[in-house]
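*Asks:* Before I ask anything, here is the structure I am working with.
The values are calculated or read from the model by the stated rules, or taken from the named source; none is laboratory data. Values in this document were obtained by computation on a predicted structure and should not be read as measured data. When we count neighbours, we look across all protein chains shown, and the Cβ atoms used for this are built from the backbone with ideal geometry, even at glycine.
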Amino acid sequence: MTKPHPLFSIRGLSSRSVNLLTRFINHKFQHAYYRTKESLGQHKRELVVIRVEEASESLAETKVYFSDALERFKAVVNVDKSSLEDKYRLLKRQFDFCEVQSQRVSERIKAIEEVSDALFLEWEKELKEYTSRSLRAQSRQQLKLSKQHYSRLLRAMRKAEKQIHPVLGAFRDQVLFLKHNLNANAIAALQQEFSMIALDISQLIAAMESSISEANYFVQILVEKKTLIALPSLK
C-alpha cells in the first residue's frame, strides 16, 4: 500500500476528526435504537458484534495514528535547528490525536464488557427455562465456548490498552522536552531516546494487530458459525 505524504496525512486529520465525531454521535443514536430493538426481543449478540466491531475499528485507527507518530519522530531527529519548531508543532498535534484515540479505545472496550456481561448473565439465567435436557446441555456448552472466546478477545484488547499508556507517557515526555528545548541539544537528546520509543510503538502496534485479529475471529464465531443460535429469545 502506498504511504501517504506527511503533509497530506496532516491535512487529512481535521476531516478525519470530523468523521470520528460524526460516528461518535451516530453511535449514541445507535445505542438507543438497539435498546429499543432489545425490548422487542432482538438478541444481545448483535449488540456484542457491533461493540466488538467498533472497538476493532478504534484499534485500527489508533494504530494508524501511532504509526504516523513514529514517522514524525524520525523526521524530528533528522532536522536542523531552523525547522525544529515546525516539527514540534506537528509532533504535538500527532500526540493529541493519539491521546484522543487511546481514550476512545478504552471506552469501546468497556462498552464490549458491559453488553457481553449482560448477554452472558441473561443466557445463564435462561438455561433454566429449557424443558429439554439435551438442548439445555448444548446451550450450556455454547455458552462455555463463547465465554472462552470472549475472554481471549478481552485479554488481547486489554493487553493492547495497557501498552498504550506507557507509550503515551514517553511520547508526552519527548513532546514537552522538545517544547522546552528548541535547540540542537534537544535533537541530540531525542536521538538517544528514539530507538526505545520506536521499539515501544512497534510493540504496541503488534499488540493492536493481535487484538484486531481476535476481534475479527470473535465476530466470525458470533455471526458465521452461529455460536449463539440456540439461545432462547432474549427480552
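*Asks:* Of the residues in region 132-178, how many are more than 29 Å from M208 (Cα to Cα) and touching a residue at least 24 places away in the same chain (Cβ under 8 Å)?
*Replies:* So in region 132-178, the residues more than 29 Å from M208 (Cα to Cα) come out as 132-141.
Applying the additional criterion that residues be touching a residue at least 24 places away in the same chain (Cβ under 8 Å) yields 135, 138-139.
Qualifying residue count, region 132-178: 3.
*Asks:* Could I ask something else about it? Just checking, how many residues over region 160-176 are of a type outside the set (G, A, S) and either surrounded by 15 or more Cβ atoms within 10 Å (Cβ to Cβ) or touching a Pro at 6+ places or on another chain (Cβ under 7 Å) (or both)? Even if it seems obvious, please write down each step before you answer.
*Replies:* We begin by selecting, within region 160-176, every residue of a type outside the set (G, A, S); these are 161-168, 171-176.
So of that shortlist, the ones also either surrounded by 15 or more Cβ atoms within 10 Å (Cβ to Cβ) or touching a Pro at 6+ places or on another chain (Cβ under 7 Å) (or both) come out as 161, 163-164, 167-168, 171, 174-175.
Residues in region 160-176 being of a type outside the set (G, A, S) and either surrounded by 15 or more Cβ atoms within 10 Å (Cβ to Cβ) or touching a Pro at 6+ places or on another chain (Cβ under 7 Å) (or both): 8 in total.
*Asks:* Quickly run through region 108-131 and pick out the residues that are surrounded by 14 or more Cβ atoms within 10 Å (Cβ to Cβ) and under 28 Å from M208 (Cβ atoms).
*Replies:* Hits for region 108-131 are R108, I109, A111, I112, E113, V115, S116, A118, L119, F120.
*Asks:* State which residue is farthest from L153 (Cα to Cα) when the search covers only region 29-63 and only residues that are at pLDDT below 55 and not in a helix (DSSP H, G or I).
*Replies:* Step by step, filter region 29-63, then rank; the result is L40.
*Asks:* Starting from region 58-71, take each residue that is in contact (Cβ under 8 Å) with a residue 12 or more places away in the chain and list its partners that are of a type in the set (S, T, Y), counting only C-beta distances under 7 angstrom and pairs at least six apart or across chains.
*Replies:* What qualifies is L59/S211; T62/S102; D68/S9.
Here's the yes/no breakdown for (1) closer than 30 Å to Q220 by Cα; (2) assigned to a helix (DSSP H, G or I); (3) of a type in the set (G, A, S); (4) modelled with pLDDT of 90 or more:
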residue	(1), (2), (3), (4)
E122	yes, yes, no, no
A137	yes, yes, yes, yes
L143	yes, yes, no, no
R155	yes, yes, no, yes
Q163	yes, yes, no, no
V167	no, yes, no, no
R172	no, yes, no, no
L176	no, yes, no, no
K179	no, yes, no, no
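*Asks:* Output the residue which, of all residues in region 137-170 that are of a type in the set (S, T, Y) and touching a Phe, Trp or Tyr at 6+ places or on another chain (Cβ under 8 Å), is farthest from C98 (Cα to Cα). Let's see the steps before the verdict.
*Replies:* Keep residues of region 137-170 that are of a type in the set (S, T, Y), which gives 139, 146, 150-151.
Now narrow it down to the ones that are touching a Phe, Trp or Tyr at 6+ places or on another chain (Cβ under 8 Å): 139, 146, 150.
Numbers: S139: 42, S146: 32, Y150: 27 Å.
Among those that are of a type in the set (S, T, Y) and touching a Phe, Trp or Tyr at 6+ places or on another chain (Cβ under 8 Å), it is S139.
*Asks:* Since Y130 meets every condition but one in (1) modelled with pLDDT of 90 or more; (2) closer than 25 Å to S102 by Cβ; (3) hydroxyl-bearing (S, T, Y), which condition does it not meet?
*Replies:* Here Y130 clears every test but (2).
*Asks:* How do the pairs read when you match residues in region 77-92 that are at pLDDT 80 or above with residues anywhere that are surrounded by fewer than 17 Cβ atoms within 10 Å (Cβ to Cβ) and of a type in the set (D, E, K, R), using Cβ under 9 Å and keeping only pairs 6 or more apart or on different chains?
*Replies:* Note: pairs meeting the criteria are K92/K179.
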